[in-house]
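Okay, so here's the structure we're looking at.
The values are calculated or read from the model by the stated rules, or taken from the named source; none is laboratory data. Remember, it's a predicted structure, so these values are computed and weren't measured experimentally. Heads up, the Cβs are rebuilt from the backbone with ideal geometry, glycines too, and the neighbour counts pull from every protein chain shown.
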Amino acid sequence: MSTPTPHSDLQGKVIITCAVTGAIHTPSMSPHLPVTPEEITEAALGAAEAGAAIVHLHARNPQTGQPDQSPEAFIPFLQPIHTQSNVVINITTGGAPTMSVEERLRPCATFAPEIASLNMGSMNFGLFPMLKRFKTFQHDWEQPYLEGSDERIFKNTFKDIKNILETCRENDTRFEVECYDIGHLYTLSYFASEGLIKPPYFIQSVFGILGGIGVHPEDVSHMKRTADRLFGNDYRWSVLGAGKNQLPIAAQSLSMGGNVRVGLEDSLWLGRGQLAVSNADQVRAVRKMIEGLGLSVATPDEARQILKLKGKAKVRIPS
């Protein structure tokens, strides 16, 4: 546990990550969900302007909105985001639960981003309860995608995780380590003990996905206590709450010294019964919370310093 704490001028700086589209929600659920490259670009740049230091990116088929993990699908929005903003680009290795690990890994291996998401375990990933709220769909793939999640396992074996770690480490890509339950923290601890991932670990605790840990304040506290015990000063903690839990769990994280993730990947909502019109709306809402607590929002370069990222110049995104 030798990693020093950040320099004093970074104390009280909160990293906002914005996950702009993801692979959970389908286009029929909100007219504001970014689908096309142009929409994803606009969403990411808007989130960065509103205060997000990191944008977490998935790609979609621009005609159907179906998740698409081909590198070719990422290029049309990676290029303008990279050239028009200083924001830290985070590329998913999660893709969608319907994809193979090899498919999910290709964009990160191709573009060598500063940071990539990494799921720390196989799990049930239940999206089917959303069928109670959404009855009609624009595209043929949407309803079967949701229905099929009652028998689908999101596969992230030890071999899969090792493959992602070793592939990305060659490019000095660091990780947003997504932990959906307590056991995922112990899996991270194992890979850290094997020297396959280096501190500071950026742990993204995920609350409210059916199949993972719940959203009770005790769940949040338990995740933080366990991470503290396992990693001490060698990690930076962030949270995301699914759906209506996004801002309440963000508030608890902030009160405990943590960072936050928002975005339409995780929640379509801005308030009770109110769809978020943009990702930037959610960033502004959590930024208001941060500043109301007397904290300040980290810039992209401050986030790079806190997380020890390699820097924008070392990615392989074509201009």
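Please indicate, with yes or no, whether at least one residue in the stretch 12-33 is modelled with pLDDT under 95 and more than 24 Å from PRO71 (Cα to Cα).
Start the filter on the stretch 12-33 by keeping residues that are modelled with pLDDT under 95, which leaves 12.
Those still in the list that are more than 24 Å from PRO71 (Cα to Cα) too: 12.
Within the stretch 12-33, one or more residues are modelled with pLDDT under 95 and more than 24 Å from PRO71 (Cα to Cα).
How do the strands (runs of 3 or more DSSP E) wholly within the stretch 210-319 filter down when requiring 3 or more residues that are surrounded by 14 or more Cβ atoms within 10 Å (Cβ to Cβ): which remain? Talk me through it step by step, then tell me what you get.
Numbers: elements: 235-241, 259-262, 269-271.
It comes to 235-241, 259-262.
Taken as a whole, the structure leaves GLY195 outside the set of residues that are modelled with pLDDT of 95 or more, part of a helix (DSSP H, G or I), over 19 Å from the mean Cα position of the chain (by Cα) and not charged (D, E, K, R). Taking the stretch 301-315, which residues are among the basic types (Lys, Arg) and farther than 17 Å from SER85 by Cβ? Those that are among the basic types (Lys, Arg) and farther than 17 Å from SER85 by Cβ: LYS308, LYS310.
Out of all the residues in the stretch 2-11, is one or more surrounded by fewer than 24 Cβ atoms within 10 Å (Cβ to Cβ), hydrophobic (A, V, I, L, M, F, W, C) and closer than 23 Å to ILE306 by Cα? Talk me through it step by step, then tell me what you get.
Let us first name the residues in the stretch 2-11 that are surrounded by fewer than 24 Cβ atoms within 10 Å (Cβ to Cβ), namely 2-11.
Applying the additional criterion that residues be hydrophobic (A, V, I, L, M, F, W, C) yields 10.
Keeping just the survivors that are closer than 23 Å to ILE306 by Cα gives 10.
Yes, some residue in the stretch 2-11 is surrounded by fewer than 24 Cβ atoms within 10 Å (Cβ to Cβ), hydrophobic (A, V, I, L, M, F, W, C) and closer than 23 Å to ILE306 by Cα.
Please go through the stretch 102-120 and pick out each residue that is over 15 Å from ILE40 (Cβ atoms), part of a helix (DSSP H, G or I) and within 17 Å of the chain's Cα centre (by Cα). Once the filter is applied, which keeps residues that are over 15 Å from ILE40 (Cβ atoms), part of a helix (DSSP H, G or I) and within 17 Å of the chain's Cα centre (by Cα), the stretch 102-120 yields ARG104, LEU105, CYS108. If the condition is being under 11 Å from CYS179 (Cβ atoms) and not β-branched (Val, Ile, Thr), then the stretch 203-223 contributes GLN204, SER205, PHE207, GLY212, MET223. Here is a list of conditions, (1) more than 16 Å from VAL20 (Cβ to Cβ); (2) without any contact (Cβ under 8 Å) to a residue 60 or more places away in the chain; (3) of a type in the set (Gly, Ala, Ser), and ALA112 meets all of them except one; can you say which number that is? Status for ALA112: all satisfied but (2).
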